[in-house]
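Student: I'd like to ask you about the structure that follows.
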Amino acid sequence: MSTESIILDWLPYLSEGIAVTLGLVACSLGIGLIMGLPMALGQIYGSRPVQIIVGTYVWFFRGLPVLVLLFLFYFGIFPGIGLGGIPAFIVGGTVLGLRGAAYQSQIFRGAIQSISEGQMTAARSLGMSRFTAIKSIILPQAMRIALPGWSNEYPEMLTESSVCYAIGVAELLTRSSQIVSQTYITLPIYIVCALIFILLNYIGMKGLTILEKKLKIPGFGGGGEGAL
Amino acid sequence: METTEYILKVKDIHKSYGNVEVLKGVSFNVKKGETKCFIGPSGTGKSTLLRCINQLTVPDQGQIWLHDEEVTHAGPRINYFRQRIGMVFQNFYLFDHLTAVRNVEIALIKVLRMNPKEAREKAMYELNQVGMADWADHYPAELSGGQAQRVSIARALAMDPDVILFDEPTSALDPELTREVIEVMRNLASLGMTMLVVTHEMGFACSAANEILFMENGRVIEQGSPSDLLNNPQFERCKAFIGQYHGFHE
């Protein structure tokens, strides 16, 4: 049997890993967004205790290597709360999500803080509550500013998801190495694995660029007709 | 009753930033339809005074009433008073992510809970008032300073406020653009809008104001009608200021 036909035989098994890898990315971006945005708001507008809690969270999850976090959660925290038998995918998705939240909160924080104070002043002067002003005036602007930085999280998380190999999540790298150990074909398998990552990266970034273009408004992010 | 004829009363407003007392007790009353202009050297608290009126800056001492309701110490009800007190800023502060017409209608929808169709009609009416209807779908970044300021006046007008505060509305504009904004303000004054205007535009102050208040060092030093100010020798400080800063004579 030729190398090509062996690889072709294993390709279906390998491509099932695409769904797992994308699932991990979706967890990290999704949990990151759902948690990161409120965290950013808490850090900017919240009371002192809220700011301290968020600050500590960010410090913790950005300060540890992702592999260390994975092991801590897989061997320590999940079994510790009685969830020892839970699928490795859930642990991986949770860790990447919690870590993503820490990073994303700082992307959103920077974007929100870059909005000039006059926007809030004008909104309040019209009788808007602070909440309405944040929701209707500040966030729509801040999210547009955050989008390029946030898009950067996609290739970051896509590549980072492969560390879940270490706890045996059946994503692309894990499956590749399983195939290698079955077939003894090493480099070609990893090249196929790499090509799939590159393809996923390309497609995702393309989508995000289209989204950015769609949301583009003159005066935001440069290049607008009126912007100098 | 004589108190009820004033729609806005400002009594003994004090404000300090650190050790610097910016406002040292300012009082005045405003009748419906009146235009009052505040002039004076920079740093004398004119803008701070305006921001105290709608509580964007909270004064340390003193009281403000709108229609005999106290604005100071209003708590969350301040949002209601701010609907009634419009404000126009030196740097426009248009909402950068919204087109001109969306800028004007957003508070109608989000604050007054008007339905979107009605709000759009009202917003277009106000844009038309300031000569900006043709620019309704343009974003702030696509407007000149004068155009942006006219949109921001429309935004304030759309709320049908009892009074509008103008905080140096033309100070960021060149003379050409200043003229188009002043024209809109002059028109508003003649239509009976109640206006408090911090300005360096003596032409506007002298022709459109019912009263000019000259401020220095956190106090109103001299006040009177434009003709008093020009003819009455008692307004020495004010005249000297005008002569010095604007080369204005008679």
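The values are calculated or read from the model by the stated rules, or taken from the named source; none is laboratory data. Just so you know, these numbers come straight off a predicted model, no measurement behind them. Because the Cβ atoms are built from the backbone with ideal geometry, glycine has one as well, and the counts that use them run over all protein chains shown.
For every residue, the table says whether it meets (1) more than 26 Å from B:P161 (Cβ to Cβ); (2) assigned to a loop (DSSP other than H, G, I, E, B); (3) not polar (S, T, N, Q).
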{"residue": "B:M193", "(1), (2), (3)": "no, yes, yes"}
{"residue": "B:H200", "(1), (2), (3)": "no, yes, yes"}
{"residue": "B:F204", "(1), (2), (3)": "no, no, yes"}
{"residue": "B:L213", "(1), (2), (3)": "no, no, yes"}
{"residue": "B:Q223", "(1), (2), (3)": "no, no, no"}
{"residue": "B:P233", "(1), (2), (3)": "yes, yes, yes"}
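Student: Can you say whether B:D174 is more than 14 Å from chain A (Cβ to nearest Cβ) and either more than 21 Å from the chain's Cα centre (by Cα) or small (G, A, S) (or both), as far as the supplied structure shows?
Tutor: On the way: more than 14 Å from chain A (Cβ to nearest Cβ): yes; either more than 21 Å from the chain's Cα centre (by Cα) or small (G, A, S) (or both): no.
So B:D174 does not fit the description; no.
Student: Can you confirm whether B:I153 is within 14 Å of chain A (Cβ to nearest Cβ), surrounded by fewer than 23 Cβ atoms within 10 Å (Cβ to Cβ) and either in contact (Cβ under 8 Å) with a residue 24 or more places away in the chain or among the aliphatic types (A, V, I, L, M) (or both)? Walk me through it before giving the result.
Tutor: Numbers: within 14 Å of chain A (Cβ to nearest Cβ): yes; surrounded by fewer than 23 Cβ atoms within 10 Å (Cβ to Cβ): no; either in contact (Cβ under 8 Å) with a residue 24 or more places away in the chain or among the aliphatic types (A, V, I, L, M) (or both): yes.
Here the answer is no, as B:I153 does not meet what is asked.
Student: Which residues, taken from region B:81-117, are among the basic types (K, R) and outside any loop (DSSP other than H, G, I, E, B)?
Tutor: If we filter region B:81-117 for residues that are among the basic types (K, R), which is where we start, we get B:82, B:84, B:102, B:110, B:113, B:117.
B:R82, B:R84, B:R102, B:K110, B:K117 - these are the residues of region B:81-117 that are among the basic types (K, R) and outside any loop (DSSP other than H, G, I, E, B).
Student: Of the residues in region B:61-80, how many are free of Cβ contacts under 8 Å to residues at least 12 places away in the same chain and either assigned to a loop (DSSP other than H, G, I, E, B) or more than 20 Å from the chain's Cα centre (by Cα) (or both)?
Tutor: 4
Student: Another question about this same structure. Test A:I86 against the criterion of being closer than 20 Å to A:E171 by Cα and in contact with a Phe, Trp or Tyr (Cβ under 8 Å, 6 or more places away or on another chain), and give yes or no. Can you show your working first?
Tutor: Values: closer than 20 Å to A:E171 by Cα: yes; in contact with a Phe, Trp or Tyr (Cβ under 8 Å, 6 or more places away or on another chain): yes.
Yes.
Rundown of residues vs (1) surrounded by fewer than 20 Cβ atoms within 10 Å (Cβ to Cβ); (2) in contact with a strand residue (DSSP E or B) (Cβ under 8 Å, 6 or more places away or on another chain); (3) touching a residue at least 24 places away in the same chain (Cβ under 8 Å), yes/no style:
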{"site": "B:K31", "(1), (2), (3)": "yes, yes, yes"}
{"site": "B:P59", "(1), (2), (3)": "no, yes, yes"}
{"site": "B:R82", "(1), (2), (3)": "no, no, yes"}
{"site": "B:I85", "(1), (2), (3)": "no, yes, yes"}
{"site": "B:V88", "(1), (2), (3)": "no, yes, yes"}
{"site": "B:N91", "(1), (2), (3)": "yes, no, yes"}
{"site": "B:I109", "(1), (2), (3)": "yes, no, no"}
{"site": "B:N115", "(1), (2), (3)": "yes, no, no"}
{"site": "B:L127", "(1), (2), (3)": "no, no, yes"}
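Student: Where in region A:114-191 are there helices (runs of 4 or more DSSP H), lying fully within it, with 3 or more residues that are under 30 Å from B:I106 (Cα atoms)?
Tutor: Values: elements: A:117-125, A:130-133, A:139-151, A:153-160, A:172-183.
The helices (runs of 4 or more DSSP H) meeting that bar are A:117-125, A:130-133, A:139-151.
Student: Filter region A:106-121 for residues that are closer than 30 Å to A:G63 by Cα and within 13 Å of chain B (Cβ to nearest Cβ) and give the result.
Tutor: Quick first cut of region A:106-121, residues closer than 30 Å to A:G63 by Cα only: A:106-115.
A:A111, A:S114, A:I115, listed by residue number.
Student: Hey, among A:I86, A:I107, which residue is of a type in the set (A, V, I, L, M, F, W, C) and at pLDDT below 95? Reasoning before the result, please.
Tutor: On the way: A:I107 fails: at pLDDT below 95.
Step by step, each of A:I86, A:I107 is checked, and only A:I86 is of a type in the set (A, V, I, L, M, F, W, C) and at pLDDT below 95.
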